[in-house]
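Structure first, then comments.
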Amino acid sequence: MANAYFNLHVPGFEIESHLELQMFHDGGENLHPVFFQRTVTVIKVWDSRQKDTPVVNMEPVEGETKRDCWTVAFGHAFNDQDRCVCAGYDNGDIKLFDLRNMALRWETNIKNGVCSVEFDRKDINMNKLVATSLEGKFHVFDMRTQHPTKGFASVSEKAHKSTIWQVRHLPQNRDIFMTAGGAGNLHLWK
């Protein structure tokens, strides 16, 4: 058995990208893209194999209102071609971008700032998406049931008396997830 030594003082992957604050990154096991976003709503997708330029650059079209992007999640990576990026914004917008078709696939508004979004698993066909908000609510979207005009089927619940800053699914059972509230509360859901 070979020993592996890691130098934690030297980054394994480093890029020079934005002058503004880099807020988030997301990837996954055996998935190469790494996400960086900045507060002026530009979401850039970087591939660790191509460090000099982003592979995707998503930003509002000219004339469209620019909103702060607070969270990004990567998912729908069930094969080598398909990938989606879900972004949550300060005004409650949730946007799902299809990276294969380079198009906005779906959008909705949950009426309050989106603090965290997460797919139940990144490496399968989209199943569930959970979004948390400033008002202490979380929303669970069934990503396999989409109405042509009403969007994805969903349920929401007021779960905390403060902002829900984070959501994370249990890797061993994607029907179980935890929310982290601003008052220090952790709630487990099924």
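The values are calculated or read from the model by the stated rules, or taken from the named source; none is laboratory data. Here the structure is a predicted model, which is why all the values come from computation and not from measurement. Note that we place each Cβ from the backbone using ideal geometry, even for glycine, and neighbour counts take in every protein chain shown. Note: areas computed on protein heavy atoms with side chains; ligands, DNA, RNA excluded. Shrake-Rupley method; radii C 1.70, N 1.55, O 1.52, S 1.80 Å.
Provide the per-residue ³J(HN,Hα) series for the range 124-133, in order, calculated from phi with Karplus coefficients 6.51, -1.76, 1.60 and θ = phi - 60°, each as a whole number of Hz, with x at glycine and proline positions. Per-residue couplings from phi come out as 10, 4, 3, 10, 10, 10, 10, 10, 10, 9 Hz. Each residue of the range 164-181 was assigned a 3J(HN,Hα) from its phi angle through the Karplus curve 6.51 cos²θ - 1.76 cosθ + 1.60 (θ = phi - 60°); the sequence is 9, 7, 8, 9, 9, 8, 6, x, 6, 8, 6, 7, 10, 9, 10, 10, 10, x Hz, with glycine and proline shown as x.
For Ile176, the residues 5 or more places off, or on other chains, whose built amide H falls under 5 Å of its own are Leu170.
Amide H contacts of Val56: Val45, each under 5 Å away and 5 or more positions distant or on a separate chain (H built 1.01 Å from N in the peptide plane; Pro and chain starts excluded). With 29 Å as the limit on Cα-Cα distance, the pairs of Lys51/Lys128; Lys150/Lys190; Lys66/Lys190; Lys51/Lys111; Lys111/Lys190; Lys44/Lys158 that go past it are Lys51/Lys128; Lys66/Lys190; Lys51/Lys111; Lys44/Lys158.
Accessible surface for Asp80 stands near 140 Å², nearest 10, in the context of the full protein assembly shown (1.4 Å probe).
Carbon and sulfur together cover what percent of the accessible area of the range 61-189 at a 1.4 Å probe radius? Of all accessible area on the range 61-189, carbon and sulfur atoms account for 47 percent. With both labels modelled 7 Å from their Cα along Cα-to-Cβ, the Phe78 to Lys158 distance reads 3.6 nm. Of the whole protein surface, Arg174 contributes about 80 Å² of accessible area at a 1.4 Å probe radius. Taking every protein chain into account, the accessible area of the range 61-189 amounts to 52 square angstrom per residue (probe 1.4 Å).
Over all other residues within a Cβ to Cβ distance under 12 Å of Arg174, the charged ones net out to +1, with Lys and Arg as +1 and Asp and Glu as -1. Its Cα gyration tensor gives the range 61-189 an equivalent ellipsoid; the semi-axes, largest first and in whole Å, are 22, 19, 13. With every protein chain in place and a 1.4 angstrom probe, the accessible-area ranking of Glu107, Glu62, Glu135, Glu118, largest first, reads Glu62, Glu107, Glu135, Glu118. Note that the range 44-52 has calculated 3J(HN,Hα) couplings of 10, 9, 10, 9, 4, 8, 10, 7, 7 Hz, one per residue in order, obtained from phi through the Karplus relation 6.51 cos²θ - 1.76 cosθ + 1.60 (θ = phi - 60°); glycine and proline are x.
Between Trp165 and Asn57, the contour length at 0.36 nm per residue exceeds the alpha carbon distance by 36.3 nm. If the chain linking Arg49 and Trp189 were pulled fully straight, counting 0.36 nm for each residue of separation and taking away their Cα-Cα distance, it would gain 46.7 nm. Taking all protein chains together and rolling a 1.4 Å probe, Lys66 ends up with roughly 130 Å² accessible.
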